[in-house]
1. When you check residue 247 against the structure, is it aliphatic (A, V, I, L, M) and at pLDDT below 95, yes or no?
2. Whether any residue in segment 271-291 is β-branched (Val, Ile, Thr), open to solvent by 10 Å² or more (accessible area, probe 1.4 Å) and closer than 14 Å to residue 68 by Cβ is what I want to check.
3. Confirm whether residue 272 is in contact with a helix residue (DSSP H, G or I) (Cβ under 9 Å, 6 or more places away or on another chain), under 19 Å from residue 162 (Cα atoms) and not aromatic (Phe, Trp, Tyr).
4. Kindly list, by first and then second residue, each pair from a residue in segment 33-50 that is closer than 14 Å to residue 279 by Cβ to a residue that is in a helix (DSSP H, G or I) and open to solvent by less than 10 Å² (accessible area, probe 1.4 Å), limited to pairs with Cβ atoms under 7 Å and residues at least 6 apart or on different chains.
5. Identify the residue in segment 43-69 that is touching a strand residue (DSSP E or B) at 6+ places or on another chain (Cβ under 6 Å) and open to solvent by less than 10 Å² (accessible area, probe 1.4 Å) and, among all such residues, is farthest from residue 120 (Cα to Cα).
6. So in segment 250-262, with the set limited to residues that are assigned to a loop (DSSP other than H, G, I, E, B) and of a type in the set (Phe, Trp, Tyr), which one is farthest from residue 148 (Cα to Cα)?
7. State which residue is surrounded by the most Cβ atoms within 10 Å (Cβ to Cβ) when the search covers only segment 144-156 and only residues that are over 15 Å from the mean Cα position of the chain (by Cα) and within 19 Å of residue 238 (Cβ to Cβ).
8. Within segment 94-110, take every residue that is touching a strand residue (DSSP E or B) at 6+ places or on another chain (Cβ under 9 Å) and open to solvent by less than 30 Å² (accessible area, probe 1.4 Å) and give me the one that is farthest from residue 4 (Cα to Cα).
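The values are calculated or read from the model by the stated rules, or taken from the named source; none is laboratory data. Here the structure is a predicted model, which is why all the values come from computation and not from measurement. Every residue, glycine among them, receives a Cβ derived from its backbone with ideal geometry; neighbour counts consider all protein chains shown. Areas reflect the complete protein model, heavy atoms only, side chains present, ligands, DNA and RNA absent. Shrake-Rupley method; radii C 1.70, N 1.55, O 1.52, S 1.80 Å.
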Amino acid sequence: MNVIVTWMYCSPINESILHAQVGKESGTQRTQDYYWRCVFLLFESSARLNPNARHILFVNKSPPRTIDGISLDKLSSQYNIEVIKLQSITKSPSDYYHAWNTQFIVLDVLDQLKEEVGGSDNIFILDSDIIFNEAISNELMNDIESHKALLYSIDYSRNHDINGLTRVELLEISKEMNSGFPVDDFVYSGGELICCRGSEISIIADMGRKAYLTSLERHREGRAKFNEEAHLLSYVYHTLGYQPYTANKYVKRIWTDRSAYYNIDGSECDLVMWHLPAEKKAGFLKVFRSFREVDSTLKLTAKNFARSYGIEESISSKLLRYLKTCARGANRLLHRLTRRRA
């Protein structure tokens, strides 16, 4: 079975945690609603394209009854979402790193999944600002079975600052933590996707927890440590011998803000999953607000999902479509002229 998982942590009103796309007012309902919209659009896309998948949402606080006048209770029922309370909350100390100190909650998710999934299940732990663009394919499931875990790896240069550490520094930390660290080139794999067989969950969870405790100890000693969950998970993946880049043909971190960074190249239509971090205040809000009551269910009425999320066709595909339209028009004109002459 394919198991689609995400999680949502709601800060108390007096807690302030910086998240790059929505700011640091994490304790306000307005900020949390940006993430709740993402959560339910992730499950909407999966329920529509992967109707036989199991959907699990881990929370520390139940979803609000409504957002934008739309019933989240009704959506939860429509998409068969299992809402499970987090049994523990792993947050790094306030002086650990200036951002992302709730991202280690994914270790709690992994711990609880050990009791929830079977060894032959395909597990997709996803950031909530991911949506399914295509159904989970047989090719994808076969790759999970073959590789045991699929990694979305990013080609940062060796000295690029990745949330406070370079790949060179990440390699140094890894070798200090594990004298038998198996590689000499640390590849960073993004934390937005943890994709593996159910049989690997306990292994990843246990090694990840151990690496986190070691990072806390290094922090207390004033030594470099893994600043965020993707640093730590990349270390775990290398240690376990998983092959990098194996998920890159299925998912992409898509940046849609032309004023900041834009990496759309026209290949996105073939991807199974889109990660859209810059769309929390834009595309996700717009599409979520398009829910309408149809035949006693809530359905999206957005006419163009790609455009709603800031993804437009490549110039080449637009040109091809234009030429096809012109050709159809020319054929119709030629047909009319031929009939008149006859």
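1. In short, no.
2. No; the residues of segment 271-291 include none that is β-branched (Val, Ile, Thr), open to solvent by 10 Å² or more (accessible area, probe 1.4 Å) and closer than 14 Å to residue 68 by Cβ.
3. When the stated conditions are applied, residue 272 does not pass them.
4. Hits for this filter: 37/284; 37/288; 38/284; 41/284; 41/287; 41/288.
5. 59
6. The qualifying residue farthest from residue 148 (Cα to Cα) is 255.
7. Looking at the filtered set, the residue picked out is 144.
8. 99
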